[in-house]
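For reference, the structure discussed in these notes is given below.
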Amino acid sequence: MRIALMTQDKAGALQIRLDNRDAHLAYIKDTGVVEMAGPFLDQDGAMCGSLIILDVADMAAAEGWAANDPYAKAGLFQSVTLQEWKKVIG
């Protein structure tokens with residue numbers, strides 16, 4: 001099942017994102033469940049959130065993945081949304 005993980009960073013938290021980016025990218029690589037991912041950008045082009053498409057067994061697996069993301073553990077996010085997603089194109 002595919003799950004869209006959408007996050008918004010806390011205001012003024014860009015340095016937290018930058019400080020944890022390498023660990024976040026390593027987590028994506030090591031877990032092997034991310035189909036595609038990338039940051040949302042603010043009006044100045046700075047990273048301010050994320051869209052990650054997970055390919056997991058169920059919502060519980062997606063919730064576990066999201067909770068163990070180094071960004072989440074560092075307290076980066078203001079909000080986190082997990083929504084089942086159906087791939088149609090691409």
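The values are calculated or read from the model by the stated rules, or taken from the named source; none is laboratory data. Keep in mind the model is a prediction, meaning the values are calculated, not measured. Note: ideal-geometry Cβ built from the backbone for every residue, glycine included; neighbour counts use all protein chains shown.
The number of residues in the range 29-72 being surrounded by 16 or more Cβ atoms within 10 Å (Cβ to Cβ) and either at pLDDT below 95 or closer than 19 Å to Gln15 by Cβ (or both) comes to 9.
Which of the residues belonging to the range 17-32 are more than 12 Å from the chain's Cα centre (by Cα) and not hydroxyl-bearing (Ser, Thr, Tyr)? Answer for the range 17-32, where residues must be more than 12 Å from the chain's Cα centre (by Cα) and not hydroxyl-bearing (Ser, Thr, Tyr): Leu18, Asp19, Asn20, Asp22, Ala23, Ala26, Lys29, Asp30, Gly32. Could you list all residues from the range 50-63 that are in contact (Cβ under 8 Å) with a residue 24 or more places away in the chain and either in contact with a helix residue (DSSP H, G or I) (Cβ under 7 Å, 6 or more places away or on another chain) or small (Gly, Ala, Ser) (or both)? Selection gives Ser50, Leu54, Val56, Ala57, Ala61, Ala62.
Each residue in the range 9-22 was checked for being surrounded by 14 or more Cβ atoms within 10 Å (Cβ to Cβ) and not acidic (Asp, Glu), and 7 of them qualify. Each residue in the range 18-49 was checked for being closer than 16 Å to Val80 by Cβ and touching a helix residue (DSSP H, G or I) at 6+ places or on another chain (Cβ under 7 Å), and 6 of them qualify.
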